[in-house]
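Q: Quick one: the structure is below, questions incoming.
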Amino acid sequence: MSIIKEITTHIRSRKYSAQQVISHYLDMIRQCDPPINSVTRLLNDRALQAAEEVDALIAQGRDPGVLAGVPFGVKDLFDLQGEVTTAGSKLLSKNQPAKQDAEIIRKLCEAGAIPVATLNMDEFAYGFVTDNAHHGTTHNPHDYSRFAGGSSGGSAASVGGGLLPFALGSDTNGSIRVPASLCGVWGIRPTYGSLSMQGVFPFADSFDTIGPFCQTIEDLKLIYDVISGDEYTSSSPVTLSELRIAQLGGWFEKDVDDDILQTIQEIMTLFGKQNKIELPNIKQVRTASYLMTASEGGKLHLPFLKKRPMEYDPATRDRLMAGALLPVSSYLKAKEIQYWFQQYMAQIFKEYDVLIAPAVGSVAPEIDNSVVFVDGKPESARVHLGIYAQPLSMSQCPVLSVPIYRKNKLPIGLQLIAKPHHEDLLFSIGAVLEQKNIAKASIIERNHTD
């Protein structure tokens, strides 16, 4: 069931006004978010004014847009007119407010959606846990003792916690896919370069993408269509027997819990396939991704690091400084690996339509025991939670984060990867998995209207 369409139907039929719906969500966030800590600011005045405008259009018999009155949250690196874009930092908090909305925000607002909150994130999007020195840690809505993932943890937690029907995040090396998986929601990293980054604070230009988190695959496609400019067309039907799908093995099976691998096998069986492939040199690809991200992020922040280093979270500052000191030769070698990997993946997609892999290796790590396992050894979750997501960012391919249905268990997620500009195929497969009750968002149930 589409939560977004339920909201718009009620508003269009005037069962509830947009002002009632927005007020309800604002109140719900105030009451229910504190233990989750997904929200950094409520946009109370802007949201209620926008809701009033939606109600006025409906009263006049005019079309308020396909997302009429639907509230959403924004990771705090998207420009919102009149608000300071902090990127989760103290450093930017005294900047002048944004003069206009980011282009993606503008498209959503033109479709009738209403931003109601800015959302917590790792400082400057550098991390996989949303442990922010200035705004605190975002907790997993399904277990407050665990991380929500990052860097878009506030976005994923607000949707998984039932506080918002959708939210926007960014993904450089897994910052949508990791928190979507740990919070049990749908998310997508679109094809690199396919969505406008205008008005979005950058991290690493070679990888930065933006995308939505939603409670259903239908909602995810609807929001994607709005922000990508597509005319809300339905996905092409998927014929299970004709779909060419392969499981990624090797690197993507190491340190992965058995139940995640069993779910992948269940999906392979559903599609009548037993193909498994290993991507060569994947450790080097992940290292190259790490080096490029660190170098580009470090170079971007170098002027601030020289003048105002103490205003950074120490963990972020140290990693950015290390990146800024990387030699050019290392960066250029990493770029060569990226080019090779993209060419290799292009050949893979001549043989297969879609690839499947874990998004995370286990459930969300505990905040008091912030580790994941790499080669059987405990390592920092903040650095390594994205170990299965990072290499795939090098491909520039679209990746769908699929929440796996696990009754009475903590959420996990999988990645579905297609060749560039084939998001519709991913949405179609996601819809099949949702229909078969293999994929389903884990949402804290709350009343969506009064």
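Q: How much space per residue, in cubic angstrom, does the convex hull of the C-alpha atoms of the range 1-137 take up?
A: Normalising the Cα hull of the range 1-137 by residue number yields 117 Å³.
Q: Taking just the C-alpha trace of the range 244-359, give me its Rg and Dmax in Å.
A: Over the range 244-359's Cα set, Rg and Dmax evaluate to 18.9, 59 Å.
Q: Mark the label point 7 Å from the Cα of Glu379 along Cα→Cβ and return the residues of the range 168-198 whose backbone N is within less than 19 Å of it.
A: 172-179, 182
Q: How many angstrom lie between the Cα centre of the range 97-112 and the Cα centre of the range 388-450?
A: Measuring centre to centre over Cα atoms gives 26 Å.
Q: So if I take the alpha carbon set of the range 178-265, get Rg, then get Rh from the Kirkwood formula, what is the Rg over Rh ratio?
A: Result: Rg/Rh = 1.01.
Q: A further question on this structure: Please list the radius of gyration and Dmax for the range 318-450, considering alpha-carbon atoms only, with Å as the unit.
A: For the range 318-450, the Cα radius of gyration and maximum Cα-Cα distance read 18.3, 60 Å.
Q: Please report the relative contact order for the range 355-450, taking Cα pairs under 8 Å with a sequence separation of at least 6, and give it as a percent rounded to a whole number.
A: The normalised contact order for the range 355-450 reaches 28 percent.
Q: Helix-only estimate, please: 222 nm mean residue ellipticity of the chain, summing -39500 (n - 2.57) across DSSP H runs of length 4 or more and dividing by its residues, to the nearest 500.
A: The per-residue figure over the chain is -12000 deg cm²/dmol.
Q: Another question, then. What is the percent of Cα-Cα separations in the range 115-186 that go past 15 Å?
A: When all Cα pairs of the range 115-186 are counted, 40 percent exceed 15 Å.
Q: Place the peptides 206-215, 149-158, 364-373, 272-281 in order of packing, highest mean first, counting for every residue the other Cβ atoms within 10 Å and averaging per peptide.
A: 149-158, 206-215, 364-373, 272-281
Q: Binning every alpha carbon pair distance of the range 1-59 at 10 Å from zero, what are the percents per bin?
A: Calculated P(r), rounded to whole percents: 21, 46, 29, 4.
Q: Measure off 7 Å from each Cα along the Cα-to-Cβ vector at Ser228 and Gln262, then give the distance between these two points in nanometres to one decimal.
A: Roughly 3.4 nm, to one decimal.
Q: Now, a different point. Using only the Cα atoms of the range 390-443, build the gyration tensor, take square roots of its eigenvalues as a ≥ b ≥ c, and label the shape rounded, prolate or oblate: rounded if a/c is under 1.5, else prolate if a/b is larger than b/c, else oblate.
A: Oblate.
Q: What is the P(r) of the chain, as percent of Cα-Cα pairs per 20 Å bin from 0?
A: P(r) for the chain, in whole percents per bin: 28, 59, 13, 0.
Q: Now a separate question. Please state the relative contact order of the chain as a whole percent: Cα pairs under 8 Å, 6+ residues apart?
A: Relative contact order for the chain comes out at 18 percent.
Q: In whole angstrom, how far apart do the alpha carbon centroids of the range 322-367 and the range 27-76 sit?
A: If we compute the Cα centre of each part, the gap is 37 Å.
Values in this text are rule-based calculations from the coordinates and carry no lab data. Because the structure is a prediction, the values reported are computed rather than measured. With ideal geometry, Cβ positions are generated from the backbone for all residues, glycine too; neighbour counts draw on all protein chains shown.
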